[in-house]
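Data block below; observations after.
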Amino acid sequence: MGFQNPNKTAALIVTLLFAAWAFAFIWRRGFWLSLALSCGLGVLLIHTFSRGGVVALGVGLLILLFFAPRPRRRDRLIGIVICTWVIAAATVYLQANQRFAQGIQDRSIANRLEIWQQVPKMIADAPMGWGVSNAVRAYQNWYQPLDHGVTYLNLVSTHFTWLVEFGWWQRILYCFGWAAVGVLCWPPKGREALSWFVVPLAIWVAFFVACVFSHMADSLSLWVVPGVALLVVLAARSRLKLWPRAVALPAAMAASAAFVAAVTIWGMMAPGFHVRGSRDMVKIGDGDSGIWIVVNTDVMGDHYGKALREYMNDHPLSIPVRIVYSLRDLPQGHQGLVVVAGRLPEGDLKLLHGEGRLLLFSPAFFPQEAGITASQIAGVIFGEFSQSPSVQAWQGLGRVKTLDGVGDFIASWPEYVLNSETVSANP
């Protein structure tokens, strides 16, 4: 279906499956067409082997059954049973039941639980959010267990990924958006002619559940079916001037704010390593002065935070540390040692001129380019196999240390940033 992710394919199938039940409401004999389409789409869903998709199907079916007309006709119940057995037979034939039966010992599920239990702490540690596309970077550096090295693209959930990346108001509005859709799609009481509202409601509930188990809402095509369903509901409500009670949406907003506050408090109380994070900076420890580390992943690795945490386990931090991703992120009037590594953008080189004390790792630029003087240098560290063309120029300024057996990538960089000699020399 054009997706590289079976969970996204499953989400599309599930939303189409519930959309197919519109025929049961707009056509007298449409029930049988809806049932046949659902049966076929259910078999396709099994082909994806997506457990999240199956859970989304189950929750959506509960919504559909809850609002289904009563009494239920016997022939229709027989048709539903036959459809259920067809899907069950497909599950066994494809051996998908073996995957669906796996518990938390399955690594895929265990990895999700490992990530998700850190989400409240990540939300609490970044009141203004970690920034778009930064959730997984924050997790793998500051929250992932040190002995786990699995690399992710996201937090394996749309809701958790976006709640971590968003700031306070965005988090509340995000939760309110889902709650508002539920309020708008809820079938009006006593209006049998509008019982078809259950179809958009089931679509949105299933889509919401599918987004819990995988990050999929970044694919715009998956919003088409839920979006059309919501537009139909809004058009019907507008035509009939039948809107939810005045208190419904404010109550949804209050509930959203309360939920975000509760998760934040939960995260604040969570044990373990805490930082103060944002899109541009990570703060460890209290105070304005200290050590400022301008991250360069070519030299420090993608898991620079893990390296820092691992060193801190054996050497408790005695001075505040600030992590930034560009020299432009350094605030005006900052004090303390600035750690710079690797190659810098040409426009950033001039920012080094006039800085206080500098500790450099594998600098791929010449001191003359940045206007750096010997008095500014706290130390310059190269690996013996460094490919930097500026090694000799830095050696001419003195205070150069050469590490045996490494090149420009220096895995042990925290040892030289946080050792007693460097720390004691800071104000």
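Please treat every number below as a calculation from the coordinates, not as lab data. Quantities reported herein were computed from a predicted structural model and do not represent experimental measurements. Glycine also receives a Cβ, built like all others from the backbone with ideal geometry; neighbour counts cover every protein chain displayed.
Structural remarks
- Taking the chain as the region of interest, the number of lysine pairs whose Cα atoms are within less than 21 Å, with members eight or more places apart or on different chains, is 4.
- When Rg and Dmax are taken over the Cα atoms of the chain, they come to 28.1, 92 Å.
- At q = 0.16, 0.21 Å⁻¹, base-10 log of I(q)/I(0) for the range 243-318 (Debye sum, equal scatterers on each alpha carbon): -0.79, -1.10
- Free-standing Cys residues across the chain, given no other cysteine C-beta under 4.7 angstrom: C175, C185, C211
- Since only C39, Y311, M122 are under comparison, the one whose Cα sits farthest along the positive direction of the charge dipole of the chain, derived from C-beta charges on Lys, Arg, Asp and Glu, is C39.
- For the range 206-287, the Kirkwood radius over C-alpha pairs fed into Stokes-Einstein at 37 °C and 0.692 mPa s yields D = 190 µm² per second.
- Equivalent ellipsoid, the range 275-361 (semi-axes from 5 times Cα gyration tensor eigenvalues, Å): 20, 16, 12
- Rounded to 5, percent antiparallel among DSSP beta bridges of the range 280-424: 15 percent
- Size of the range 139-271: Rg and Dmax of its alpha carbons, in Å, are 17.8, 59.
- When only Cα pairs below 8 angstrom with a gap of at least 6 residues are kept, the chain shows a relative contact order of 14 percent.
- Helical segments meeting 18 Å axial Cα length and Kyte-Doolittle 0.5 threshold in the chain (DSSP H): 6-19, 30-48, 51-66, 74-93, 168-185, 198-213, 224-240, 248-269
- Whole-number percent relative contact order across the range 280-424, with pairs defined as alpha carbons under 8 Å at least 6 apart: 24 percent
- Euclidean distance between Cα centres, the range 180-205 to the range 22-36, Å: 17 Å
- DSSP beta bridges in the chain [antiparallel fraction, %, rounded to 5]: 20 percent
- The Rg/Rh ratio for the range 280-424 is 0.92, where Rg is the radius of gyration of the alpha carbons and Rh is the Kirkwood radius.
- Protection-proxy order for peptides 170-180, 2-12, each taking the mean of Cβ atoms within 10 Å per residue, highest first: 2-12, 170-180
- The range 65-185: relative contact order as a whole-number percent, Cα under 8 Å and 6+ apart: 23 percent
- Computed from the Cβ-Cβ distance with R0 of 56 Å, the FRET efficiency linking H334 to F259 stands at 0.95.
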